[in-house]
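None of the figures in this text is laboratory data; all of them are computed from the coordinates on show. These figures come from a predicted structure and were not determined experimentally. Here Cβ is always computed from backbone atoms with ideal geometry, including for glycine, and neighbour counts include all displayed protein chains.
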Amino acid sequence: MKRIKSSSNSTNYENWISLKLINIIIIISIITGGLISYFAIINFENQWVKLGTNVLGGTIFILSLLVLMLAINARRAFDYNNEHGISNAIIQMISESMAVGKDSKVLDVGCGSGALTIACAKRNKDSEIIGLDYWGKSFDQYSKSLCEANALAEGVNNTYFVSGDAVGLHYEDETFDGIVSNYVYHNISGHEKQKLLLESLRV
């Protein structure tokens, strides 16, 4: 699988395991570690209370360290700059599969930081690739301006980004010749997933 390399070092495709999340886990680990140290030097009248407190605190501390290790490993795996990472492999696989004709239109549902949109735009230079996302608070590391900055850094000019809801797309039937998506559809459940799929098929 041939990797599309970034044309600039100024791209920032972010990571769904945010640094904010990792910092929160680090703070929890520090707090629990401090509490363990504090309770270890306190003389409890009841030794069972002391033992229970130390066991509980130690368990929380160990769990927080395990979660921290998992989060760091996941962030590394989903780093777009990691040539052998999961995200890069998925982006390349999808963009290689999306080969459309000249003057075609492709929609990237839930474009996040624009990585897939831009990869598809690079492979389909005579087509228009649109990245759509609502850029909600759940993933506040992503934004329309981040996508536009990445497209500019990559030297891509056949794409643009719009804010919207994939469950209710403001496009006419059969507007697009293809739809791509990454890390989105599995997050939708119940009737909303059916609506999402039907909207994707409609446009």
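Can you tell me the Rg and Dmax of segment 97-202, counting just the alpha carbons, in angstroms?
So, for segment 97-202, Rg and Dmax equal 13.2, 39 Å respectively.
If Lys and Arg each add +1 and Asp and Glu each add -1, what is the summed charge of the other residues whose beta carbon sits under 14 Å from the beta carbon of Ile17? Kindly include the intermediate steps, with their values, before the conclusion.
Values: positive: Lys20, Arg75, Arg76; negative: Glu14, Asp79, Asp140.
Local charge sum for Ile17: 0.
Divide by every residue of the chain the summed helix terms, -39500 (n - 2.57) for each DSSP H run of at least 4, and state the resulting mean residue ellipticity at 222 nm, rounded to the nearest 500 deg cm²/dmol.
The per-residue figure over the chain is -16500 deg cm²/dmol.
For segment 178-185, what does the Karplus curve 6.51 cos²θ - 1.76 cosθ + 1.60, with θ = phi - 60°, yield as ³J(HN,Hα) per residue in whole Hz, taken in order and with x for Gly and Pro?
Per-residue couplings from phi come out as x, 10, 10, 6, 8, 6, 10, 4 Hz.
Take the Cα coordinates of segment 2-106, assign each an equal point scatterer, and use the Debye formula without solvent to give log10 I(q)/I(0) at q = 0.12, 0.17, 0.21 Å⁻¹.
Evaluating at q = 0.12, 0.17, 0.21 Å⁻¹ gives log10 I(q)/I(0) of -0.62, -0.87, -1.06.
Based on the Cβ-Cβ distance from Asn54 to Ala77, what FRET efficiency comes out when R0 is 35 Å, to the nearest 0.05?
0.55
Provide the FRET efficiency to the nearest 0.05 for the Lys20-Leu152 pair, computing r from the beta carbons and using R0 = 30 Å.
Computed FRET efficiency for Lys20 and Leu152 comes out at 0.75.
Mind computing the radius of gyration and Dmax over the alpha-carbon atoms of segment 19-77? Å is fine for both.
Both quantities, over Cα of segment 19-77: 13.9, 48 Å.
Treat the count of other C-beta atoms within 10 Å as a stand-in for reagent exposure and order Lys102, Lys122, Lys137 from fewest to most.
Lys137, Lys102, Lys122
At 27 Å minimum axial length over the Cα atoms and a Kyte-Doolittle cut of 0.0, report the qualifying DSSP H helices in the chain, or say none.
Both cut-offs are met by 19-41, 47-77.
Starting from the Cα of Ser104, step 7 Å along the direction of its Cβ; do the same at Ile188; then give the gap between the two resulting points in nm.
So the two model labels end up 2.2 nm from each other.
Lysine pairs in the chain with alpha-carbon atoms under 18 Å apart, 8 or more places apart or on different chains: how many are there?
Taking the Cα cut-off of 18 Å, the pair count is 9.
Name the long-range amide H neighbours of Val180: under 5 Å, sequence gap of 5 or more, or other chain; modelled H, no Pro or chain starts.
Leu107, Asp108, Val109
Once you've got the GNM for the chain with C-alpha springs shorter than 10 Å, pick whichever of Asn54, Asn81, Asn73 has the biggest mean-square fluctuation.
Asn54
Taking Cα pairs under 8 Å and at least six residues apart, what relative contact order does the chain come out at, in percent?
22 percent
Given the options Val67, Val100, Val55, which has the most mean-square fluctuation in a GNM of the chain, springs set between C-alpha atoms less than 10 angstrom apart?
Highest fluctuation among the options: Val55.
For the chain, how big is Rg over Rh, using alpha carbon atoms and the Kirkwood form of Rh?
Ratio value, two decimals: 1.16.
Put a dot 7 Å past each Cα toward the Cβ at Ser10 and Leu65; how far apart are the dots in nm?
For Leu65 paired with Ser10, the spin-label model returns 4.3 nm.
Per residue of segment 80-85, what does 6.51 cos²θ - 1.76 cosθ + 1.60 with θ = phi - 60° give for ³J(HN,Hα)? Whole Hz please, x for Gly and Pro, Karplus curve as stated.
5, 7, 7, 4, 9, x
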